Amino acid sequence: MLKLIISGCNGRMGQAVAAVCRADKEIKIVAGIDANTIKLSDFPVYASPMEYGGSSDVIVDFSHPSALPSLLSYCTARSLPIVLCTTGYSEDELSMIKSAAEVIPIFKSANMSIGINLLLALVRQTAEALGRDFDIEIVERHHNKKLDAPSGTALMLADAAAAGLKTSPEYVYERQSVRKPRGKNEIGISAVRGGTIPGEHEVIFAGSNEVIEFKHTVYSREVFAVGAVRAAKFLAKQTEPRIYDMNDLLFGEQ
């Protein structure tokens with residue numbers, strides 16, 4: 001049985017992961033980590049991972065970038081793999097993750113949805129085929145509690161489009177401060193926050209007299225929780241220290 005720790009266990013996504021795990025007979029949640037230590041489920045909750053001294057096989061993190069240092073310290077000290085689902089990391093924090101991945105297996109994805117990760121491949125192929133003949137715009141919509149903007153997934157989609165182009169594009173996050181025509185070397189990224197929208201991403205390829213649109217909509221957070229649990233099962237089997245992602249899970253699963 002897989003022994004799992006949920007970091008950010010009392011948040012919306014943490015609770016969604018807990019619900020998926022409770023329905024899976026192959027998983028046991030041994031502990032939760034959260035700044036709010038109220039016990040909402042049948043496992044103990046700690047403010048810091050260092051407070052838990054029991055055994056575990058993997059951590060799933062849906063918390064906040066500020067929790068990263070303690071999580072990586074805990075995992076590297078115990079050779080414990082971790083699935084990082086949190087977004088909004090700074091460059092310094094990304095460097096910390098890269099360093100830790102020299103010691104432990106780390107699974108990192110800004111979006112745990114299988115559909116989104118298949119969309120990334122489609123966006124790259126479309127950008128490669130259309131080149132500079134089409135303008136690329138990305139619009140993402142999320143609930144009003146989301147902290148980072150644009151979303152990590154929007155940036156993943158922009159990177160996928162950029163990877164299909166022959167020259168490096170400029171990412172433009174807002175247009176109201178400058179009055180000028182849109183540049184051909186731009187990828188526009190817009191963020192919308194409101195209500196309880198779990199997540200919606202749209203990639204627009206706008207050409208002369210024709211438009212191609214890709215859209216992915218999430219109707220339940222369970223989509224991300226299922227992906228995270230699947231990633232945890234995958235990562236627990238890995239022994240090579242490095243950063244794994246959804247491509248490894250979808251196309252190289254062991």
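Using C-alpha pairs below 8 Å separated by at least 6 residues, the relative contact order for region 28-149 is 17 percent. Any idea what angle helix 68-78 forms with the longest principal axis of the chain, computed on alpha-carbon atoms, 0 to 90 degrees, nearest 10? Its long axis makes an angle of about 50 degrees. Mind checking which lysines have their C-alpha under 19 Å from Lys25, skipping anything on the same chain fewer than 8 residues away? List returned: Lys3, Lys233, Lys237.
Projecting the Cα atoms of Ser79, Ile97, Ala127 onto the dipole axis of region 1-153, where Lys and Arg carry +1 and Asp and Glu carry -1 at the beta carbon, places Ser79 farthest toward the positive end. Averaging the sequence gap over all C-alpha pairs within less than 8 Å and six or more residues apart, then dividing by the number of residues, gives the chain a relative contact order of 21 percent. Surface calculation, 1.4 Å probe, protein heavy atoms: Asp42 sits at approximately 130 Å² accessible. Take Leu122: with every protein chain present and a 1.4 Å probe, its accessible area is about 80 Å². Shown here is the pair-distance distribution of the chain: with all Cα-Cα distances grouped in 5 Å bins from zero up to the longest one, the shares run 1, 6, 13, 16, 18, 16, 12, 8, 5, 3, 2, 0, 0 percent.
Working note: 222 nm ellipticity from helices only, DSSP H runs with n ≥ 4, each -39,500 (n - 2.57), summed and divided by the residues of the chain, gives -10000 deg cm²/dmol to the nearest 500.
Atom-type composition of the exposed protein surface of region 66-136 places 50 percent of the accessible area on carbon and sulfur (1.4 angstrom probe). To test your reading of the geometry: what angle, between 0 and 90 degrees and rounded to tens, separates the Cα axis of helix 91-100 from the longest principal axis of the chain? Once rounded, one gets 50 degrees. Taking the longest Cα principal axis of the chain as reference, the axis of helix 114-130 is set at about 30 degrees.
Taking a straight Cα-Cα cut-off under 23 Å and skipping sequence neighbours fewer than 8 places away in the same chain, the lysines within cross-link reach of Lys184 are Lys166, Lys215. Might you report the magnitude of the Cβ-based charge dipole of the chain about its Cα centre, with Lys and Arg at +1 and Asp and Glu at -1, to the nearest 20 debye? Here the chain has a charge dipole of around 380 debye. Classified by the C-alpha gyration tensor, region 1-115 has a rounded form. Its axis ratio a/c, with a ≥ b ≥ c, is below 1.5.
Can you tell me the accessible area per residue over region 72-123, all protein chains present, probe 1.4 angstrom, in square angstrom? Counting only protein heavy atoms, the per-residue value for region 72-123 is 39 Å².
The values are calculated or read from the model by the stated rules, or taken from the named source; none is laboratory data. Computed from a prediction, not measured in an experiment: that's the story for all the values here. Cβ atoms come from the backbone with ideal geometry, glycine included; neighbour counts cover every protein chain shown. Ligands, DNA and RNA are excluded from the accessible area calculation, which covers all protein heavy atoms including side chains. Shrake-Rupley method; radii C 1.70, N 1.55, O 1.52, S 1.80 Å.
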